[in-house]
Amino acid sequence: MGTQNPLTETSLPDYLRWIGIAGESDRIAIEKAGDGNINWVRRARVSAPEGASLAGASWIVKQARPALERFPEYQVTTERIVFEHRWYETVGPYDTDRVCPEIHRFDEEARVLVLEDLSGAERLDAALARGADVTRSLEGLAAFLGRVHAATRDPKLAERFVNDDMRRLHGDHIFELPLRPNDFPLEPPVAARAASLQRDREFVAIADAAYARYLEPRGALVHGDVQAGNILLGEAGPKLLDAEIAHVGDPAFDVGTLIAHVLLPAAALGDVAQALPTVAALWNAYGSAHGDDALPAFADAARYAGLELMRRTLGAARVPATLESAGALAVLEAAEHWVRTPPAQP
């Protein structure tokens, strides 16, 4: 099992036995798990023998490969999974509520991470889409982020999280590509609005300044992708996954990304106000856990939220709520307002 030896659905059971996760006599079923946008991700489940100690056990297995799984045209260092594992290790002392999934094994040479299986939990975007009250879960997640950001302001951490390839690739898709000529498939009214924003020098300059701030390797240790698809809501509370973009940077970016995904369903209906109580609750929980010292300004988080709303409408990673013109234009209206004049408070 050497470096860059890609696992397959056929070879994965033997690999799990080889690393000691599964027993020699265990029969293991393999299936796809999650969206698998960045890494090769599979669920492994022990189906037999009956009565065996591991019968019914399951794990999530991630392997980082040079080509991104969903976008193979992008070649990115497989060290991203090393940074993900390092993020979990670093934030562990502040994870008093077990927001992070349990790690069963990390094979740095093979670039493989074996995690607990959370298949029974609902994704945050699905819960928001059906109108569920997720305030308590988001308060717990925000408090975790507050503790992590407050405790990881050591500038020396930047030397251990030089995750520049993933940070820039992610940043390009948020701040730059939606505001430059591109071939993203948009409905004509949305494409016209996108072209108008691309011609707006003031708006583009604001986005470029936010991108420059995002790229600065100072602030705190951030997860880098606190979006609804990476958050699971289980009976024991929220779980935050997929820290491949972890780096030292602006903590307001993590909070802003989370806020954007809370706002998205309401924004698509043209009623951002209905989501603001939840935003206020998570912001208060974040601030209480973080403390006043070096607490990010809400306006900074709000501007990042506006830019995330924009890219989820005009970029490569559009969401169901923005696929139709009416919803997309409503989200863009909210996004533009939050980018140009971000509110000082929720």
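The values are calculated or read from the model by the stated rules, or taken from the named source; none is laboratory data. Keep in mind that what you see is a predicted model, and the values were worked out from it rather than measured. Cβ placement follows ideal geometry from the backbone for every residue including glycine, while neighbour counts extend to all protein chains displayed.
Figures for the structure shown
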quantity: Failed criterion for T135 (all others in (1) surrounded by fewer than 20 Cβ atoms within 10 Å (Cβ to Cβ); (2) closer than 22 Å to W283 by Cα; (3) of a type in the set (V, I, T); (4) not assigned by TED's automatic domain parsing to the domain that holds W283 hold); calculated: (4)
quantity: Residue check for I30: in the same structural domain as R111 (by TED's automatic domain parsing), within 25 Å of the chain's Cα centre (by Cα) and either free of Cβ contacts under 8 Å to residues at least 60 places away in the same chain or more than 29 Å from R318 (Cα to Cα) (or both); calculated: yes
quantity: Candidates A151, A143, A110, filtered to the one that is within 30 Å of A209 (Cβ to Cβ), out of contact with any Asp or Glu (no Cβ under 8 Å at 6 or more places or on another chain) and either outside the structural domain of E235 (by TED's automatic domain parsing) or not aromatic (F, W, Y) (or both); calculated: A151
quantity: Contacts under 6 angstrom Cβ, first residue in segment 109-138 being farther than 21 Å from R45 by Cα, partner surrounded by fewer than 16 Cβ atoms within 10 Å (Cβ to Cβ), 6 or more apart; calculated: E109/T3
quantity: Test: residue in segment 203-226 that is surrounded by fewer than 16 Cβ atoms within 10 Å (Cβ to Cβ), in contact (Cβ under 8 Å) with a residue 12 or more places away in the chain, assigned to a loop (DSSP other than H, G, I, E, B) and within 23 Å of the chain's Cα centre (by Cα); calculated: yes
quantity: Residue in segment 157-164 that is surrounded by fewer than 17 Cβ atoms within 10 Å (Cβ to Cβ), touching a residue at least 60 places away in the same chain (Cβ under 8 Å) and of a type in the set (S, T, N, Q) present; calculated: no
quantity: Answer residue from segment 231-251, given it is closer than 11 Å to C100 by Cα and in contact with a strand residue (DSSP E or B) (Cβ under 9 Å, 6 or more places away or on another chain) and is surrounded by the most Cβ atoms within 10 Å (Cβ to Cβ) among those; calculated: I231
quantity: Some residue of segment 279-286 being within 25 Å of A151 (Cα to Cα) and modelled with pLDDT under 95; calculated: no
quantity: S137 modelled with pLDDT under 95 and either touching a strand residue (DSSP E or B) at 6+ places or on another chain (Cβ under 7 Å) or of a type in the set (K, R) (or both); calculated: no
quantity: Answer residue from segment 305-346, given it is assigned to a loop (DSSP other than H, G, I, E, B) and among the small types (G, A, S) and is surrounded by the most Cβ atoms within 10 Å (Cβ to Cβ) among those; calculated: G315
quantity: Criterion: among the acidic types (D, E) and modelled with pLDDT under 95 - qualifying residue of E69, E102; calculated: E69
quantity: Close pairs (6 angstrom Cβ cut-off, 6 or more residues apart or separate chains): more than 13 Å from L309 (Cβ to Cβ) in segment 254-276, outside any helix (DSSP H, G or I) and not hydroxyl-bearing (S, T, Y) anywhere; calculated: D254/V222; D254/H223; D254/V226; L276/P346
quantity: Test result for E109, among the acidic types (D, E) and either surrounded by 19 or more Cβ atoms within 10 Å (Cβ to Cβ) or in a strand (DSSP E or B) (or both); calculated: no
quantity: Any chance W18 is aromatic (F, W, Y), at pLDDT 85 or above and over 30 Å from the mean Cα position of the chain (by Cα); calculated: yes
quantity: Residues satisfying the stated conditions in segment 78-102, i.e. closer than 18 Å to V41 by Cβ and touching a residue at least 60 places away in the same chain (Cβ under 8 Å); calculated: T78, E79, R80, I81, F83, E84, W87, Y88, C100, P101
quantity: Counted residues, segment 275-304 - those being over 22 Å from G327 (Cβ atoms), among the small types (G, A, S) and not in a loop (DSSP other than H, G, I, E, B); calculated: 8
quantity: Matching residues, segment 195-244, being among the aliphatic types (A, V, I, L, M), out of contact with any helix residue (DSSP H, G or I) (no Cβ under 7 Å at 6 or more places or on another chain) and at pLDDT 95 or above; calculated: A195, A205, A209, A212, L232
quantity: Options V204, V222: the member that is out of contact with any Gly (no Cβ under 7 Å at 6 or more places or on another chain) and among the β-branched types (V, I, T); calculated: V204
